[in-house]
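**Student:** Take this structure, written in structure tokens, and hold onto it; I'll ask about it next.
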């Protein structure tokens with residue numbers, strides 16, 4: 001399968017997000033890949049939009065089964081969420097459970113006016129009724145395939161396809 005170029009998808013996402021921005025807009029990236037994307041999109045938009053980060057590890061519905069991942073980072077929301085139009089950024093939309101966890105965490109900070117979900121790749125396989133309003137690419141993957149966002153030391157993003165093992 002030929003994977004699209006991540007950097008081109010990020011540029012397309014920034015163009016899709018631009019008309020959605022208003023005076024109450026903020027951007028929140030989900031750790032880890034969503035933060036990388038949010039940083040790139042934020043720079044491309046060249047607008048003074050507050051930015052925050054979320055680590056939804058403790059909000060996931062499978063936390064008691066999977067435990068804490070080694071890469072847990074603190075969430076950082078340096079603005080009042082109440083009444084804001086949030087652009088929530090993640091790398092891959094799959095089951096929808098991470099996005100549900102992110103929305104739960106955001107509501108712990110306040111009541112946003114709206115949430116727009118922006119994802120680099122929608123790979124299908126939803127288990128919850130969640131969809132993105134901004135999408136870089138839609139890829140049909142087999143259940144044993146995972147798509148991963150990578151960042152090199154220079155900050156360039158790329159996608160890779162991996163097989164899961166049972």
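**Student:** Quick check on the chain: helices-only [θ] at 222 nm, where DSSP H runs of length 4 and up contribute -39,500 (n - 2.57) each and the sum goes over total residues. Nearest 500, please.
**Tutor:** The helix contribution divided over the chain gives -7500 deg cm²/dmol.
**Student:** Here's something else I'd like to know. What fraction of the DSSP beta bridges in the stretch 67-166 is antiparallel, stated in percent and rounded to the nearest 5?
**Tutor:** Beta bridges within the stretch 67-166, antiparallel portion: roughly 35 percent.
**Student:** Could you give the length gained on full extension between residue 160 and residue 46, defined as 0.36 nm per residue of separation minus the Cα-Cα distance, in nm?
**Tutor:** Taking 0.36 nm per residue and subtracting the Cα distance, the gain is 38.2 nm.
**Student:** While we're looking at this one, here's another question. Going 7 Å from the Cα of residue 131 toward and past its Cβ, which residues in the stretch 1-38 have a backbone nitrogen under 16 Å from where you end up?
**Tutor:** Answer for this model: none.
**Student:** With springs only between Cα atoms under 10 Å apart, run a GNM on the chain and tell me which of 125, 83, 155 wobbles the most.
**Tutor:** Of 125, 83, 155, the Gaussian network model singles out 155 as fluctuating most.
**Student:** Roughly speaking, what is the stretch gain from residue 141 to residue 20, that is 0.36 nm per residue apart minus the C-alpha to C-alpha distance, in nm to one decimal?
**Tutor:** Separation in residues times 0.36 nm, less the Cα-Cα distance, equals 40.6 nm.
Where a number appears in this text, it was derived from the coordinates with a stated rule and is not lab data. Bear in mind the structure is a predicted one, so any value in this text is a computation, not a measurement. Quick reminder, even Gly has a Cβ in these numbers, built from the backbone with ideal geometry, and neighbours come from all protein chains shown.
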